[in-house]
Amino acid sequence: YLGRLDSIDVRSCLSQADIFLIPSLWENCPYSCLEAMAAGRAIVSTDQGGMPELIRDAENGLLAQTENPAAFVSCLERLIEDKVLRERLGSAARKTIESPYTDVAIARLSADYYQECIGRAGG
């Protein structure tokens with residue numbers, strides 16, 4: 001466990017990793033996963049919460065059954081042994097977040113949401 005890292009240290013760690021593991025029992029859309037996807041890393045995640053909306057099994061990452069350690073081991077072994085798969089999933093992960101999560105896209109979503117709230121408050 002490395003404790004709290006600043007963004008430079010996070011990027012440094014991600015640049016040295018080939019696989020990013022998220023074994024959480026519950027996640028919606030963790031920033032750590034978005035960071036790993038932006039870095040083009042192959043993701044192994046739990047199949048719970050919002051993760052299956054972000055990670056599509058065998059398309060841009062691998063999903064393992066929650067509370068099944070053998071499923072996580074199997075996914076990790078698969079990625080460790082298959083460099084082509086690891087690189088394909090990492091590239092697909094990056095492409096998944098390139099356009100919907102840009103600064104401009106998030107700003108537009110935020111502005112639209114605020115405009116909707118203002119409209120509801122006034123009428």
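The values are calculated or read from the model by the stated rules, or taken from the named source; none is laboratory data. Because the structure is predicted, anything quoted here is derived from the model rather than measured. Cβ: placed from backbone, ideal geometry, glycine included. Neighbour counts: every protein chain shown. Side chains are part of the model used for accessible areas, which takes the heavy atoms of the whole protein and leaves out ligands, DNA and RNA. Shrake-Rupley method; radii C 1.70, N 1.55, O 1.52, S 1.80 Å.
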(request) Output the residues belonging to segment 79-106 that are modelled with pLDDT under 90 and over 19 Å from the mean Cα position of the chain (by Cα). (result) VAL104
(message) Can you pull out every residue in segment 89-101 that is open to solvent by less than 50 Å² (accessible area, probe 1.4 Å) and among the polar types (S, T, N, Q)?
(response) THR96
(message) Just to be sure before I move on: is ASN60 under 17 Å from PRO100 (Cβ atoms), open to solvent by 70 Å² or more (accessible area, probe 1.4 Å), within 16 Å of the chain's Cα centre (by Cα) and among the polar types (S, T, N, Q) in the structure I sent?
(response) no
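Here's the yes/no breakdown for (1) of a type outside the set (Val, Ile, Thr); (2) over 30 Å from GLN65 (Cα atoms):
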| position | (1), (2) |
| --- | --- |
| CYS75 | yes, no |
| ARG78 | yes, no |
| GLU81 | yes, no |
| VAL84 | no, no |
| ARG94 | yes, no |
| ILE97 | no, no |
| PRO100 | yes, no |
| ARG108 | yes, yes |
| ALA111 | yes, yes |
(request) Among the residues of segment 17-56, write down those that are closer than 18 Å to PHE72 by Cβ and either open to solvent by 80 Å² or more (accessible area, probe 1.4 Å) or hydroxyl-bearing (Ser, Thr, Tyr) (or both). (result) ASP18, SER24, LEU25, TRP26, SER32, SER45, THR46, ARG56
(request) Scan LEU109, LEU14 and give me the residue that is within 13 Å of the chain's Cα centre (by Cα), hydrophobic (A, V, I, L, M, F, W, C) and surrounded by 11 or more Cβ atoms within 10 Å (Cβ to Cβ). (result) LEU14
